[in-house]
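Values quoted throughout were computed directly from the atomic coordinates according to the rules given, and no laboratory measurement underlies them. Being a predicted model, the structure only gives us computed values, none of them experimental. Here the Cβ is made from the backbone with ideal geometry for all residues, glycine too, and neighbour counts use every protein chain on show.
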Amino acid sequence: MMMMIGLYNYWVVMVLMMIGLYIVIAHGNLIKKIVGLNIFQTSVFIFYISLAKVEGGTAPILAEGINLYSNPLPHVLILTAIVVGISTTALGLALVVRIKEAYGTMEEEDIQKKDNQEC
Amino acid sequence: MLTHLPILQVIVPLMAAALCLILRHPRLVWMFTLSMSGLTFLISAALLQQVVTSGTIIYELGGWEAPWGIEYRIDLLNAYLLLIISAMSTVVLIAAQTSIENEIPKDRHVLFYILYLLSLTGMLGIVATGDVFNVFVFLEISSLSAYALIAMGKDRRALWAAYQYLIMGTIGATFILIAVGLIYQMTGTLNMADLAERLPEVAHTRTVFAAFAFLIVGICLKLALFPLHLWLPNAYAYAPSIVTVFLAATATKVAVYLLIRFTFSVFDLSFSFTTLPLQTLFVILGLIGIFAASITAIYQRNVKHLFAYSSVAQIGYMIVGYSIGTATGLMATLLHVFNHALMKGALFLALGAVMYRVGSVQLNQFHGLGRQMPITMAAIVIGGLSLIGVPLTVGFVSKWYLILAALENGWWPVAVLILLGSLLAIVYVWRIVEVAYFREAEAGSIPVKEAPMAFLLPIWLLVAANIYFGVDTQLTVSVAGAASQSLFGGSP
Amino acid sequence: MLAGIYGLLSACLFITMDAVDVAFTEASVGAGIATLLMLTTIAMTGRTEHTVRHKPFMALVLVSITGALLIYGTLDMPYYGDPMAAAHTHVAPRYINDSMQEIGVDNIVTSVLASYRAFDTFGEVVVIFTAGIGVLTLLSLVRRRKKDAEIDAINDSMHEKNLILRIVAKILIPFILLFALYVQFHGDFGPGGGFQAGVIFAAAIILYAMLFGLSTARRVINQPFIQLLSAIGVLIYGCVGVVSMLSGANFLDYDVLAGDPVAGQHLGILVIELGVGVTVAAVMIIFFFSFAGRLEKPKHEEK
């Protein structure tokens with residue numbers, strides 16, 4: 001029981017991750033896939049940040065009278081990961097735009113049909 | 001300056017990429033890129049020299065010692081890979097300007113070279129670093145630039161291939177990120193050497209098990225190990241020819257490096273092979289990959305697709321060598337990393353020349369090409385022989401050590417299967433040879449000239465290297481062998 | 001739209017977990033830029049979707065295995081917030097306890113980001129630069145001056161309807177730019193720093209472009225100039241490292257940049273954050289102009 005209370009934060013995040021992953025794999029619409037990817041990545045960020053929390057600590061900015069701080073290292077890592085995430089999203093969306101122009105559709109099935117016709 | 005070589009290895013192509021945007025003229029940018037890549041190659045050669053004579057080099061970035069700061073750790077394994085990557089990059093660039101003239105619109109040439117340098121930077125950064133999060137960052141640099149480079153292909157299928165690679169690649173990278181997070185949670189550090197010390201005490205936990213699983217899956221996605229190879233054939237086939245050469249020679253090798261580095265140096269070998277049934281899993285997947293990919297290759301009508309599937313098969317060989325779990329097996333894998341770069345580099349470059357002259361790489365366009373482009377086709381023949389593993393070529397050397405390692409371990413069936421795989425390679429190489437040499441050119445088709453010097457020079461450099469290193473194996477075997485031994489001997 | 005809400009929600013979640021810098025960044029990047037890019041893409045590609053879902057079964061299987069593995073992995077983890085977790089007792093204490101003496105900056109996240117792990121941040125700047133170049137290769141179009149005049153005329157007529165917005169924007173934009181500068185330089189003391197500042201700065205420019213028309217914005221902010229800026233940010237960052245090397249220390253070691261190590265740290269952090277801000281702002285603007293520029297293409301090709 002103690003374990004469940006102690007860990008449920010992580011479990012919630014993991015459910016979010018799985019939702020994101022499911023969207024990426026199951027949906028055929030290209031934009032939805034990217035949205036799913038985004039959700040997946042953002043939930044990983046939440047996971048890292050929840051690692052950083054220290055019970056009773058505050059934000060890691062040095063201030064008078066405060067002794068306990070949350071761990072700053074995961075914050076740094078996630079700042080980087082957020083930037084990586086937005087870069088991937090931007091590139092992915094740019095690809096989607098070009099694919100739409102070239103194929104006229106954004107559904108995975110339709111694209112594969114058109115490719116098979118060509119070969 | 002000499003002490004700064006580790007970081008210069010990565011900084012030179014990085015800053016060069018940014019500088020390219022300031023120089024605007026395409027030809028100038030090409031020569032600049034070529035010289036910067038050449039400089040990178042010289043640095044990697046010097047680094048290898050240093051490591052061979054004085055042992056592992058450690059470089060603290062920002063002057064902060066690990067694990068509070070990020071450090072670069074160059075041992076025999078990385079130095080070897082850095083050399084392969086930078087050498088291939090430089091050789092390929094010789095033909096680059098000529099090749100992209102036909103395949104990429106003029107106003108994108110400068111951007112192409114920037115992405116190329118960024119991809120090079122990313123790969124060098126992954127190999128040189130000793131910090132696991134740093135690996136993730138540079139992995140994304142190399143991946144993002146690869147996606148963009150592939151998407152520059154003429155055919156619209158290049159866009160779709162790039163998109164699929166982006167989705168699969170990002171899932172893989174995110175898995176690696178999850179793994180790093182879990183490991184950090186249990187050990188409190190991100191430095192590889194520090195992790196090696198701290199992991200054993202928590203190695204039995206379920207968290208570390210989960211982390212390891214995620215890590216392996218993530219790396220295997222980048223590695224294109226069957227069945228996670230789905231992105232590779234289309235990405236290689238539809239990318240601009242020069243991009244295919246560069247990626248085929250380097251990208252998956254970096255993933256092999258990551259696999260070896262993580263399973264040997266971070267988690268130690270006994271953990272890696274016993275927690276997950278990695279040996280059995282990899283042997284099986286590797287062998288299936290070899291057969292499935294080789295058979296698929298035989299049926300391809302597009303020669304780039306053919307060789308792309310062949311690459312998946314070659315990766316299968318590398319994984320089988322790794323899974324044997326002995327020093328000889330690992331040495332065979334490392335040798336194959338080097339040899340595959342040479343073989344596929346030469347083959348795809350020759351295909352690039354064909355693309356340049358003929359405008360297509362469909363097999364039915366190869367009729368009579370043996371007579372019209374004799375030098376280029378000869379290169380394809382020799383490259384093909386190397387793939388099969390004919391003696392006097394580098395392909396033979398790695399296959400030899402692979403079979404030797406399997407036999408040493410008592411894995412007779414595996415050795416037989418490896419030989420069978422080579423037979424399959426004969427079939428798909430023969431298809432090309434037959435069409436090119438034994439069929440007449442179509443009546444009414446326009447005769448093509450031999451490829452220009454810009455192609456012939458690097459192609460034959462690689463082919464010559466294929467033969468040279470196939471005959472004089474001393475250099476490669478000693479470095480690969482030493483690297484393998486050091487990994488088995490203990491932590492770097 | 002939903003993506004934007006998700007971004008804001010996660011930002012709030014971050015704040016409750018004491019991650020103020022991250023919240024700030026996620027709010028601006030995740031809720032701001034991501035939403036903008038998605039909306040632009042959807043504008044070009046249409047809202048309707050065939051409700052064809054293929055292989056949901058296999059997806060479900062894969063996802064369940066992955067999820068189960070993840071949850072299995074948590075079973076041995078230290079509890080949420082446990083101060084004795086390895087993560088908090090090994091590397092982190094030095095950052096918390098010693099960073100004041102070694103670097104002299106209040107915001108520990110900034111000291112780790114900009115000094116201890118500065119190389120990771122350099123890599124991050126390169127990632128965003130790569131994405132900028134990638135988007136340029138995919139989406140940039142050659143501008144033709146004649147069409148600009150046509151578009152201008154169309155935009156002018158449309159924008160008279162938005163007169164109030166334009167006036168308010170003209171007043172707001174300088175403040176937004178000023179806020180961006182504040183965030184840039186205040187990162188040492190409170191949440192903030194190069195990334196957030198860069199995004200806010202870009203937001204101001206994008207606001208201007210949205211209300212006054214793309215071609216007007218292009219005249220104010222020159223395209224080649226912005227591309228150059230993105231490269232310059234990377235070079236500034238790298239040059240700080242090179243200067244360190246030339247002064248005899250390792251790459252990105254700020255101690256040698258000034259007479260006393262702490263002053264050197266301050267200087268180093270200041271300059272690299274500037275490099276970060278410049279590149280991030282430039283790339284965000286490149287993103288917007290590339291996407292929006294492509295949006296205009298089918299519209300005026302129809303005419």
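Highest average first, the peptides B:251-264, B:36-49 ordered by how many other beta carbon atoms sit within 10 Å of their residues are B:251-264, B:36-49. Averaged over the residues of peptide B:197-205, the number of Cβ atoms from other protein chains lying within 10 Å of each residue's Cβ is 1. Taking the helices alone, chain B has a mean residue ellipticity at 222 nm of -26000 deg cm²/dmol, built from -39,500 (n - 2.57) per DSSP H run of at least 4 residues and averaged over all its residues. Residues in segment C:168-185 carry Karplus couplings, in order, of 4, 4, 4, 7, 6, 4, x, 5, 4, 4, 5, 4, 4, 5, 4, 4, 4, 8 Hz; the curve used is 6.51 cos²θ - 1.76 cosθ + 1.60 with θ = phi - 60°, and Gly or Pro positions show x.
Think of the protein assembly as shown as a dipole: +1 on every Lys or Arg Cβ, -1 on every Asp or Glu Cβ, centred on the Cα centre; then among B:54, B:264, B:141, B:141 lies furthest on the positive end.
Based on the Cβ-Cβ distance from residue B:102 to residue C:246, what FRET efficiency comes out when R0 is 51 Å, to the nearest 0.05? E between residue B:102 and residue C:246, to the nearest 0.05, is 0.75. Within the shell of other residues whose beta carbon sits under 15 angstrom from the beta carbon of residue B:428, the net charge comes to +3, with Lys and Arg scored +1 and Asp and Glu -1.
Here the label points at residue B:42 and residue B:269, each 7 Å from Cα along the C-beta direction, are separated by 3.8 nm in the simple model. Stretching the chain fully between residue B:362 and residue B:474 yields a gain of 36.4 nm (0.36 nm per residue, less the alpha carbon separation). Highest-first packing order for the peptide set C:212-220, B:471-479 is C:212-220, B:471-479, based on the mean count of other beta carbon atoms within 10 Å. About its Cα centre, the dipole of the protein assembly as shown is roughly 3060 debye, where the only charges are +1 on Lys and Arg Cβ and -1 on Asp and Glu Cβ. In sequence order, segment B:388-400 has phi-based couplings of 5, x, 6, x, 5, 10, 5, x, 5, 4, 5, 4, 4 Hz under the Karplus curve 6.51 cos²θ - 1.76 cosθ + 1.60, θ = phi - 60°, and Gly or Pro positions carry x. When the charge dipole of segment B:318-492 is built from unit charges on Cβ atoms (+1 for Lys and Arg, -1 for Asp and Glu) and taken about the Cα centre, the candidate among B:395, B:463, B:414 whose Cα reaches farthest toward its positive end is B:463. Extending 7 Å from Cα along the Cβ direction at residue C:75 and again at residue B:49 yields two label points whose distance is 5.6 nm.
Averaged over the residues of B:251-259, the number of partner chain Cβ atoms lying within 10 Å of the residue Cβ comes to 0. The amide H of residue B:390, built 1.01 Å from its N in the peptide plane, has B:396 as neighbours under 5 Å, considering only residues 5 or more places off or on other chains.
Put simply, the amide H of residue C:193, placed in the peptide plane, has neighbours under 5 Å in C:184, C:186, C:187, leaving out anything fewer than 5 places away on its chain. As a length-normalised measure over Cα pairs under 8 Å and 6 or more apart, the relative contact order of chain B settles at 15 percent.
The length gained by stretching the chain between residue B:453 and residue B:326 to full extension, at 0.36 nm per residue less their Cα-Cα distance, is 41.4 nm.
Can you tell me the order of C:107-114, B:406-413, B:384-391, B:219-226 when each peptide is scored by its average per-residue count of other Cβ atoms within 10 angstrom, highest first?
Packing proxy ranking, top to bottom: C:107-114, B:219-226, B:384-391, B:406-413.
Between segment B:384-446 and segment B:312-355, the C-alpha centres lie 12 angstrom from each other.
Counts of other chain beta carbons within 10 angstrom of each beta carbon in peptide B:16-29 average 3.
Report the paramagnetic label zone for residue B:412: residues of segment B:305-336 whose backbone N is under 15 Å from a point 7 Å from Cα along the Cα-to-Cβ axis. Answer for segment B:305-336: none.
Under 5 Å from the amide H of residue C:258 lie the amide H atoms of C:264, each residue being 5 or more positions distant or on a separate chain, with H modelled from the backbone and absent for Pro and chain starts.
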